[in-house]
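Trainee: Mind having a look at this structure? Questions to follow.
A short reminder: the numbers here are calculations on the coordinates, not readings from a lab. Since we're looking at a predicted model, the values are computed, not measured. Every residue, glycine as well, gets a Cβ built from its backbone with ideal geometry; the counts of neighbours run over all protein chains shown.
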Amino acid sequence: MLDLDVLHIGGRSEQCRALAGATNRRLAARGMEDRQVRVQDGPMHLTREVFGAVAFCAWALGAKPGTLKEMEREETVPIGVARMIRNPGLRTEAQRTLGRKRVKHFHATGEGIDGQPKMLTAAGLGLTFQNVFGQKGTVFRGAGHYTAGARAKNATELAAQMRSIHKQHSGGLAYEALVADDGTIGFANPMTRKSAAVAGTNTGMVSICCPGTTGDRMTAKQKASVRWLMDNWHTAAVPRPHRLPLPARSIGWQGHKEYSSTDCPGAMLTDYREIW
């Protein structure tokens, strides 16, 4: 077994590869496969994506809140966390109990570290897609939308809307993410699939949609979740099929109506602009 050392974001080592593999095994054992990361042969870089998966795994195993905050603040993986993930049998009974409680809470609510937004996924709703329009291509732009319909107050209403919209769109839901009034995020169109969210402008495009219509504004919780997406969409906090390949703030964002002739996203454009 490799000698353990503190890992720093940006560093490259064989220890990082071994830790990433162990992280994937622990996540799979807890039904959290969609939080796994790709493991390559040979020494690996501790990227922000890999770091996010390690931190999430440590949370699921019962790491103390102070330890998780220190990891984020210092951008490091302490030896104790690496040891916990590589050999979870070394955990204390208190850590085991806390870990089980967190895993149960995650599967019941979708909430992760520090109450990150509740999440729904297309796969979890039984939705499948067809590649009607070809590949998305390299992501370089984004659009903000509304649905021109009813609001979605919570996860239940958002799931119903996702199923309904999925039937209406050619090949499946066009939006990559939808956000309900209570902040629940619904991940829809897979990141590699080109959809039809913006007429004639879908190559390299990703879309966020807040259900609602003319005159509606985002709730405080919607704003918080859209902001969370902008900061975390590219990390392991997001299920892999829906993970952005680069930080959301590094691409250009506009309202739907700034790309084509439409009223979408109405008054919510002001809210989007506050966040972008």
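Trainee: Quick one: putting +1 on the C-beta of Lys and Arg, -1 on the C-beta of Asp and Glu, what dipole do you get for the chain around its Cα centre, in Debye to the nearest 20?
Mentor: Details: 37 positive and 24 negative charges, 116 e Å.
Computed charge dipole of the chain: roughly 560 debye.
Trainee: Separate question: Under unit Cβ charges (Lys, Arg +1; Asp, Glu -1), what dipole magnitude, rounded to 20 debye, does segment 115-227 have relative to its Cα centre? If you can, show how the numbers build up before the last one.
Mentor: Values: 13 positive and 5 negative charges, 26 e Å.
Charge dipole, segment 115-227, about its Cα centre: 120 debye, nearest 20.
Trainee: Starting from 0.36 nm per residue, how many nanometres of slack lie between D263 and Q40 once their C-alpha separation is accounted for? Intermediate values should be presented prior to the final figure.
Mentor: Values: separation 223, 0.36 × 223 = 80.28 nm, distance 4.58 nm.
Once the chain is fully extended between D263 and Q40, it gains 75.7 nm.
Trainee: Which residue, L244, L90, L173, has the most motion in a Gaussian network model of the chain that connects Cα atoms within less than 10 Å?
Mentor: L90
Trainee: Just need the relative contact order of the chain here, percent rounded to a whole number, with Cα pairs under 8 Å and 6+ apart. Don't jump to the answer; show the numbers that get you there.
Mentor: Details: 514 pairs, mean separation 50.1, N = 276.
Once divided by the residue count of the chain, the mean separation gives 18 percent.
Trainee: Per residue of segment 53-64, what does 6.51 cos²θ - 1.76 cosθ + 1.60 with θ = phi - 60° give for ³J(HN,Hα)? Whole Hz please, x for Gly and Pro, Karplus curve as stated.
Mentor: Per residue, the Karplus-derived 3J(HN,Hα) values read 5, 5, 5, 5, 5, 4, 4, 5, 8, x, 4, 5 Hz.
Trainee: Continuing with the same structure: Which percent, nearest 5, of DSSP beta bridges in the chain are antiparallel?
Mentor: Working: 8 of 22 bridges.
So the antiparallel bridges in the chain amount to around 35 percent.
Trainee: Arranged by the count of other C-beta atoms within 10 angstrom, fewest first, what order do K257, K136 take?
Mentor: On the way: K257 17, K136 20.
Neighbour counts put them in this order, fewest first: K257, K136.
Trainee: Projecting each Cα onto the charge dipole of segment 1-129 (Lys/Arg +1, Asp/Glu -1 at the beta carbon, about the Cα centre), which of G52, V103, M71 comes out farthest on the positive side?
Mentor: Looking along the dipole axis, the top candidate is V103.
Trainee: Give me E111, E72 ranked fewest to most by other Cβ atoms within 10 Å of their Cβ, as a rough exposure proxy.
Mentor: Working: E111 16, E72 13.
Result, fewest neighbours first: E72, E111.
Trainee: Specify which labelled value, from (i) 56, 40, 34; (ii) 58, 51, 41; (iii) 60, 35, 33, agrees with Cα extents along the principal axes in Å derived from the coordinates of the model shown.
Mentor: Structure-derived value, by its label: (iii).
Trainee: Here's something else I'd like to know. Fully extended, how many nm does the chain gain between T97 and A199 (0.36 nm per residue separation, minus their Cα-Cα distance)?
Mentor: Working: separation 102, 0.36 × 102 = 36.72 nm, distance 5.10 nm.
The span from T97 to A199 would gain 31.6 nm if fully extended.
Trainee: From the cross-link list K104/K153; K118/K167; K167/K223; K118/K221, which pairs have alpha carbons spaced over 18 Å apart? Let's see the in-between values first.
Mentor: Details: K104/K153 24 Å; K118/K167 24 Å; K167/K223 27 Å; K118/K221 11 Å.
Correct reply: K104/K153; K118/K167; K167/K223.
Trainee: Suppose the chain between N131 and A29 were pulled fully straight at 0.36 nm per residue; how much longer would it get relative to their current alpha carbon spacing?
Mentor: Details: separation 102, 0.36 × 102 = 36.72 nm, distance 3.18 nm.
Full extension of this stretch gives 33.5 nm more.
Trainee: While we're looking at this one, here's another question. Once amide H atoms are placed 1.01 Å from N in the peptide plane, what residues at a sequence separation of 5 or more from E176, or on another chain, have their amide H within under 5 Å of its amide H?
Mentor: The answer is N189, S207.
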